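Okay, so here's the structure we're looking at.
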Amino acid sequence: MTPRRAWPWWAAILGPLWLALALGCYWEPVVRDGWGNLRWHRWSGLSFGNLWTQVQGNYLHGNPRLGQTVTLLQYTPGPWHVLGTPLLELAMFALLSTLALGRRPKLRSIDDAVVFATVTALVLACVPVVGQMLFYRPYTGNYLFGLTVQLAFLVPYRLRAEGGGPAVGGAWWRAPAMLVFGAAAGLCNEHTPPAIGAAALCAVIGCWRRGDRPRAGMRAWMLAGLVGIGLGWLALLSAPGQSFRYHALAAQASPLDRIADRGAEGDARIILHTLWSVAFALPWLALGVAARRVVGAPAVSRARRLAVRVGLGAAVLAAVTLLGSPKEGDRLAFASCALAATAVASWVTAQLAPGWSRRACMGLAALAIGGVGMRCALVLSEVHAENEARIAAILAGPKDGVVTVPAYTQGRSRWFLGEDFGVPGERQYVADTFGLGAIELAPGAATVEPP
């Protein structure tokens, strides 16, 4: 495919996708944990010293994930969130596409554009609370950023397993760099490093069986990365801050105790609930089966076939690891759904051929991306106007006075977290932040429980 033929496909995908992500970030309201980050910038201000103090405080007394610091930076006053967060989200889709292909997507390839669109569409369709994950910075920073770092860590293993990536006998600095990179990936989230590490280990085993043994020059960076992600994960789990988060909930029972307390039915419910969202991939799977019957079995590399299985296994493992978590919630299913969606996209796009099947796949992708984008836009544009009015009323309120604000018209959904001022403690926290005596919701507003 020539660049001139491929560019319109890429432009038709990336242009609307970037616009939808940028608008969603611009319209994102300040709710729930966002007030705490806004308060920090209002009271402390961003400087290297203040940021380092906050990083230390997070590890010792709060949320020790690297993404917690990223979340704080996303609330920096100015256009930085609207400029940077969509690029982070596009980077995640690009990394997932790289895992699906076994190589970096090429802008001169229509087939790669189809893979990118399919991966993006399946992730948007399968993630349970997709609007919240993309357009609520505490989730974007803690979960989406964390997964993006871990995907970037995993990509060199995937490329090497496919026969590409850093060549045997490469530069000496790769091993210490991957040790540090692995440690950063391990520090990003509690329940995903085992799945990411297991996927990387499968790539190492594949290279070993292919003949890339240490005595033949298999790169030390592969082993260094595995050591790094293990050390980072242990550092995250043993962080002193884990004893303070959620009122020391993590210290009240061991992971095995939580698994036993839920029982077999409760444990199965968590796993099935996490993976059930992948059922939205059925139209793509049906297309893949139909294309395979018409065109025949495609010529696909052994490494790609194995990568599909490893991706699905990693998704299941990430879901199983949730059994030891002291918290539950759809946000924790994000990594599992993204990995499973990528594995499905890799298999489906491998069945396609130029013609009706590829056009049908792009049509499905357009429906999913366009549908999610439009729904997020409708909800967030409405909530944005209400949030702006709410903040204006708070800023104009008299010192130590009481300000009454209307409730959001949108409730909690796949697209938006819902009303946060139904919790009295949340209202008082915001009132204290802005020097008010109290904030009240207009009569008739429903109360909500914290997530």
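Out of curiosity, is residue 130 assigned by TED's automatic domain parsing to the domain that holds residue 317 and closer than 26 Å to residue 417 by Cβ? Don't jump to the end; show me each part of the working.
On the way: assigned by TED's automatic domain parsing to the domain that holds residue 317: yes; closer than 26 Å to residue 417 by Cβ: yes.
It is true that residue 130 is assigned by TED's automatic domain parsing to the domain that holds residue 317 and closer than 26 Å to residue 417 by Cβ.
State whether the residues of region 425-441 include one that is of a type outside the set (A, V, I, L, M, F, W, C), outside the structural domain of residue 291 (by TED's automatic domain parsing) and under 25 Å from the mean Cα position of the chain (by Cα).
There is no residue in region 425-441 that is of a type outside the set (A, V, I, L, M, F, W, C), outside the structural domain of residue 291 (by TED's automatic domain parsing) and under 25 Å from the mean Cα position of the chain (by Cα).
I'm trying to understand the selection: among the residues of region 95-113, which are in a helix (DSSP H, G or I) and in contact with a Lys or Arg (Cβ under 6 Å, 6 or more places away or on another chain)? Give the steps one after another, and end with the answer.
Here is the first cut: in region 95-113, the residues in a helix (DSSP H, G or I) are 95-101, 110-113.
Within region 95-113, 98, 99, 112 meet the criteria.
Name the one entry in 352, 367 that is assigned by TED's automatic domain parsing to the domain that holds residue 154, at pLDDT 90 or above and surrounded by fewer than 18 Cβ atoms within 10 Å (Cβ to Cβ).
Details: 352 fails: surrounded by fewer than 18 Cβ atoms within 10 Å (Cβ to Cβ).
Residue meeting the stated conditions: 367.
Would you pick out the residues in region 139-164 that are under 14 Å from the mean Cα position of the chain (by Cα) and closer than 23 Å to residue 179 by Cβ? Walk me through how you get there before you give the answer.
Narrowing region 139-164 to residues under 14 Å from the mean Cα position of the chain (by Cα): 139-152.
Hits for region 139-164 are 145, 146, 147, 148, 149, 150, 151, 152.
Go through region 8-49 and give me each residue that's over 22 Å from residue 379 (Cα atoms) and of a type in the set (D, E, K, R).
If the condition is that a residue be over 22 Å from residue 379 (Cα atoms) and of a type in the set (D, E, K, R), then 39, 42 are the ones that fit.
Looking at region 216-244, which of the residues that are closer than 21 Å to residue 56 by Cβ and crowded, with 18+ Cβ neighbours inside 10 Å is modelled with the lowest pLDDT? First the steps, then the outcome.
First, the residues of region 216-244 that are closer than 21 Å to residue 56 by Cβ: 231-244.
Right, trim to crowded, with 18+ Cβ neighbours inside 10 Å and you get 232-233, 236, 239, 241-242.
Details: 232: 97, 233: 96, 236: 95, 239: 93, 241: 88, 242: 84.
Among those residues, the one meeting the criterion is 242.
Suppose we keep only residues that are farther than 25 Å from residue 139 by Cα and in contact with a Phe, Trp or Tyr (Cβ under 8 Å, 6 or more places away or on another chain) within region 395-448. Which one would you say is modelled with the lowest pLDDT?
Restricting to residues being farther than 25 Å from residue 139 by Cα and in contact with a Phe, Trp or Tyr (Cβ under 8 Å, 6 or more places away or on another chain), the top hit is 445.
When region 285-310 is examined, which residues are found to be surrounded by 12 or more Cβ atoms within 10 Å (Cβ to Cβ) and either within 25 Å of residue 160 (Cα to Cα) or not assigned by TED's automatic domain parsing to the domain that holds residue 115 (or both)?
298, 300, 301, 303, 304, 305, 306, 307, 308, 309, 310
Select from region 86-117 the residues that are at pLDDT 95 or above and either over 20 Å from residue 159 (Cα atoms) or not assigned by TED's automatic domain parsing to the domain that holds residue 156 (or both) and list them in ascending order.
86, 87, 88, 89, 117
Which condition number in (1) outside any loop (DSSP other than H, G, I, E, B); (2) touching a residue at least 12 places away in the same chain (Cβ under 8 Å) is the one that residue 87 fails?
(2)
One line per residue, one yes/no per condition, for (1) of a type in the set (Lys, Arg); (2) within 17 Å of the chain's Cα centre (by Cα):
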{"residue": "75", "(1), (2)": "no, no"}
{"residue": "83", "(1), (2)": "no, no"}
{"residue": "104", "(1), (2)": "yes, no"}
{"residue": "109", "(1), (2)": "no, no"}
{"residue": "113", "(1), (2)": "no, no"}
{"residue": "116", "(1), (2)": "no, yes"}
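Which residue pairs have Cβ atoms closer than 8 Å, lie 6 or more positions apart in sequence or on different chains, and pair a first residue in region 378-397 that is under 18 Å from residue 82 (Cβ atoms) with a second residue that is of a type in the set (Ser, Thr, Tyr) and in a helix (DSSP H, G or I)?
384/26
Is there a residue being surrounded by 12 or more Cβ atoms within 10 Å (Cβ to Cβ) and at pLDDT 75 or above anywhere in region 255-268? Lay out the reasoning, then the answer.
Step one: filter region 255-268 for residues surrounded by 12 or more Cβ atoms within 10 Å (Cβ to Cβ), giving 255, 258-260, 262, 266-268.
If we keep only those that are at pLDDT 75 or above as well, we get 268.
Checked region 255-268: at least one residue is surrounded by 12 or more Cβ atoms within 10 Å (Cβ to Cβ) and at pLDDT 75 or above.
Across region 390-431, which residue is surrounded by the fewest Cβ atoms within 10 Å (Cβ to Cβ) among those that are among the basic types (Lys, Arg) and outside any helix (DSSP H, G or I)? Talk me through it step by step, then tell me what you get.
First pass over region 390-431, keeping only residues among the basic types (Lys, Arg): 390, 399, 412, 414, 427.
Among the residues that remain, those that are also outside any helix (DSSP H, G or I) are: 399, 412, 414.
Values: 399: 8, 412: 16, 414: 16.
In this case the residue turns out to be 399.
Looking at region 127-147, can you tell me whether even one residue there is surrounded by fewer than 24 Cβ atoms within 10 Å (Cβ to Cβ), at pLDDT 95 or above and more than 23 Å from residue 24 (Cα to Cα)?
No: region 127-147 contains no residue that is surrounded by fewer than 24 Cβ atoms within 10 Å (Cβ to Cβ), at pLDDT 95 or above and more than 23 Å from residue 24 (Cα to Cα).
Every residue in region 360-379 that is out of contact with any Leu (no Cβ under 8 Å at 6 or more places or on another chain) and more than 25 Å from residue 305 (Cβ to Cβ), please. Break it down stepwise before answering.
Filtering region 360-379 for residues out of contact with any Leu (no Cβ under 8 Å at 6 or more places or on another chain) gives 362-363, 365-367, 370-371, 374-375, 378-379.
363, 366, 367, 370, 371, 374, 375, 378, 379, listed by residue number.
Does region 327-337 contain at least one residue that is surrounded by 24 or more Cβ atoms within 10 Å (Cβ to Cβ), closer than 22 Å to residue 288 by Cα and outside the structural domain of residue 413 (by TED's automatic domain parsing)?
At the first step, the residues of region 327-337 found to be surrounded by 24 or more Cβ atoms within 10 Å (Cβ to Cβ) are 333-337.
From what is left, the residues that are closer than 22 Å to residue 288 by Cα are 336-337.
Filter once more, so that each one left must be outside the structural domain of residue 413 (by TED's automatic domain parsing): 336-337.
For region 327-337, residues surrounded by 24 or more Cβ atoms within 10 Å (Cβ to Cβ), closer than 22 Å to residue 288 by Cα and outside the structural domain of residue 413 (by TED's automatic domain parsing): present.
As an exercise: evaluate residue 333 against (1) farther than 20 Å from residue 305 by Cβ; (2) in a helix (DSSP H, G or I); (3) over 19 Å from the mean Cα position of the chain (by Cα) and give the number of the one condition it does not meet.
(3)
The values are calculated or read from the model by the stated rules, or taken from the named source; none is laboratory data. This one's a predicted model, so the numbers in the text were calculated from it and none came from an experiment. Backbone-built Cβ (ideal geometry, glycine too); neighbour counts: all protein chains shown.
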